[in-house]
1. Which members of segment 62-93 meet the condition of being out of contact with any strand residue (DSSP E or B) (no Cβ under 9 Å at 6 or more places or on another chain), in a helix (DSSP H, G or I) and among the aliphatic types (A, V, I, L, M)?
2. For segment 33-50, name all the residues that are touching an Asp or Glu at 6+ places or on another chain (Cβ under 8 Å) and under 19 Å from Ala188 (Cβ atoms).
3. Look through Glu194, Glu228, Glu211 and report the one residue that is among the charged types (D, E, K, R) and surrounded by 21 or more Cβ atoms within 10 Å (Cβ to Cβ).
4. Scan (1) buried (at least 23 other Cβ atoms within 10 Å of the Cβ); (2) at positive phi for the single condition Tyr151 breaks and write down its number.
5. Report whether or not Arg279 is crowded, with 17+ Cβ neighbours inside 10 Å, under 20 Å from Trp358 (Cα atoms) and of a type in the set (D, E, K, R).
6. Just the residues that are closer than 19 Å to Ser184 by Cβ and out of contact with any strand residue (DSSP E or B) (no Cβ under 8 Å at 6 or more places or on another chain), please, taken from segment 107-136.
7. Out of the residues in segment 70-89 that are surrounded by 13 or more Cβ atoms within 10 Å (Cβ to Cβ) and not hydrophobic (A, V, I, L, M, F, W, C), which is farthest from the chain's Cα centre (by Cα)?
8. On the basis of being over 24 Å from Pro41 (Cβ atoms) and either crowded, with 22+ Cβ neighbours inside 10 Å or of a type in the set (Asp, Glu) (or both), does Ala265 make the cut?
Amino acid sequence: MTDHSLQRAPLASDALGRLWRRSVEVIEAGQASTGAYIASPNFPVYRYSWFRDGAFIADAMSRVGRTESTERFFAWCAGVLVERAELIESHVRMRAAGEAVGVAEMLHCRYTVDGEEAPEEWWNFQLDGYGTWLWALGAHAARHDRSLQPYADGIDLCVRYLSAFWAEPSYDWWEENMGHQHTSTLAALYAGLEAAPRWSLLPSATRRQAERAAGGIRAAILSRGVYEGRFAKWLDGDGLDASLVACAVPFGVVEPDDPRAVATAAAIELRLSRGGVYRHPHDSYYGGGEWLLLAALLGWFYVEVGRRDDALARLAWIAEQADDDGNLPEQVSEHLLVPDAYDGWRQRWGPIASPLLWSHAMFLTLASELGMTEADA
């Protein structure tokens, strides 16, 4: 499925600069006064803030020097957790006592910009966003020498929650496939919990819990999340998913040049890649189009393994998907996996989400990884 036209030269630097500026504008416009980033302003069911999307967005804003925006989001997340401290403490105690906690009772994946649970029925039990938030916090603090103290209570609650429930089957990144331990989800949890033991603001007991959980997660991934030399979509399975790139970049379960990471990228290139990248082989959401943020994620991996030309080609492809206003969509529909499914989703929820803040954020992340700075914009 590889599109060899990706060997073309990337767009001129002035076009990339315009999209850099526009991406920052879109993200700033999509941040509520509370600090929450909405997923997309023009797509009704995305007018909420996800911990997962928001953490990647915050990381991108941190990279481009918008520290105030980044930290407002971090503070919003910490506030969401602290507001639910009693619930979290109760669930952690129940787990320690061997009592079951129902999926419907667990923390949600998305909230209103005011930090309330969204009223619609949704696929809410997703753990990865909380691990990604911890990872983004640690990366931001290291990048800008910033203190994590303002978020200490929220961090402590989050670490103990994930340490207790990391092995619980959940929905995946795409809010699908409940009932599995998803490898990409576990990678996000590993990245957050692996960082936590180094944070002296946490009680020693919390740090020890995080260390044990991170070790257990990595062991589970490497023993049960590998199929024929590459990472598998969920433990004890054989599926492929483009989010598996994150096991190496950025979540560091293995190094980018680890044979399992290289084999995973090769399988994604063969089965899921054109100019953009499909989520998984069976994707029918809006017909199963090519996702911009996944093209950026794969490009980020290319940077780490020294494939700079391939990374530049992904960046150029992403930029070419911008509309006349410079907005980047969630996915594009020129080469759908399941064309017959497109109209049903459009009738249900309207046109494909655009702009998608996560797409703009991942463009900024890949551009920065390639050495682009605000001066180039």
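1. Once the filter is applied, which keeps residues that are out of contact with any strand residue (DSSP E or B) (no Cβ under 9 Å at 6 or more places or on another chain), in a helix (DSSP H, G or I) and among the aliphatic types (A, V, I, L, M), segment 62-93 yields Ala75, Ala78, Leu81, Val82, Ala85, Leu87, Ile88, Val92.
2. The answer is Tyr37, Ala39.
3. Within the list Glu194, Glu228, Glu211, the selection yields Glu194.
4. (2)
5. yes
6. Residues satisfying the conditions are Leu107, Trp123, Tyr130, Gly131, Thr132, Trp133, Leu134, Trp135, Ala136.
7. Residues of segment 70-89 surrounded by 13 or more Cβ atoms within 10 Å (Cβ to Cβ): 70-85, 87-89.
Those left that are additionally not hydrophobic (A, V, I, L, M, F, W, C): 70-72, 79, 83-84, 89.
Working: Thr70: 15, Glu71: 18, Arg72: 18, Gly79: 20, Glu83: 24, Arg84: 23, Glu89: 26 Å.
The extreme case among them is Glu89.
8. Working: over 24 Å from Pro41 (Cβ atoms): yes; either crowded, with 22+ Cβ neighbours inside 10 Å or of a type in the set (Asp, Glu) (or both): yes.
So Ala265 fits the description; yes.
Coordinate-derived values only; no laboratory data. Worth saying up front: this structure is predicted, and the values here are computed from it rather than measured. Ideal geometry is used to build each Cβ from the backbone, glycine not excepted, and the neighbour counts take in all protein chains shown.
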